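Heads up: the structure comes next, in structure tokens.
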Amino acid sequence: MAKADKKKATKKVDFTQLTDAELAKHQSDFRKELQEIRFSQVTASFTNNARVGSLKKDIARILTVLTMRKKEAAKA
């Protein structure tokens, strides 16, 4: 099997194009997944350690977009 076949194809989400409700849903989903990964790291062997970093970065991106929107709304 080629390396490309082994990798999971993930589609990048442009968080700036989503609504606040969609961002909140993504954020809660990412936080739940991160919590599940943390539990599985303690109780079992979890091999995809890179997923933790990508989840944290996605959560930070969402929070950044929400903060930018709040600042723009305050200016208007």
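Of (1) out of contact with any Leu (no Cβ under 7 Å at 6 or more places or on another chain); (2) surrounded by 13 or more Cβ atoms within 10 Å (Cβ to Cβ); (3) β-branched (Val, Ile, Thr), ILE62 satisfies all except one. Which?
ILE62 satisfies every listed condition except (1).
Take the conditions surrounded by 12 or more Cβ atoms within 10 Å (Cβ to Cβ) and either out of contact with any strand residue (DSSP E or B) (no Cβ under 8 Å at 6 or more places or on another chain) or part of a helix (DSSP H, G or I) (or both) and apply them to SER54. Does it pass?
When the stated conditions are applied, SER54 passes them.
Enumerate the pairs (first residue in the stretch 34-48 and farther than 14 Å from ILE59 by Cβ; second residue anywhere and at pLDDT 90 or above and surrounded by 11 or more Cβ atoms within 10 Å (Cβ to Cβ)) with beta-carbon separation below 7 Å, excluding pairs fewer than 6 apart on the same chain, so at least 6 apart or on different chains.
Correct list of pairs: PHE46/ILE37.
Go through the stretch 21-51 residue by residue and tally those that are part of a helix (DSSP H, G or I) and surrounded by 10 or more Cβ atoms within 10 Å (Cβ to Cβ).
21
The values are calculated or read from the model by the stated rules, or taken from the named source; none is laboratory data. What you are looking at is a predicted structure, and each value in this text was computed from that prediction instead of being measured. Virtual Cβ from ideal backbone geometry, glycine too; neighbours counted across all protein chains shown.
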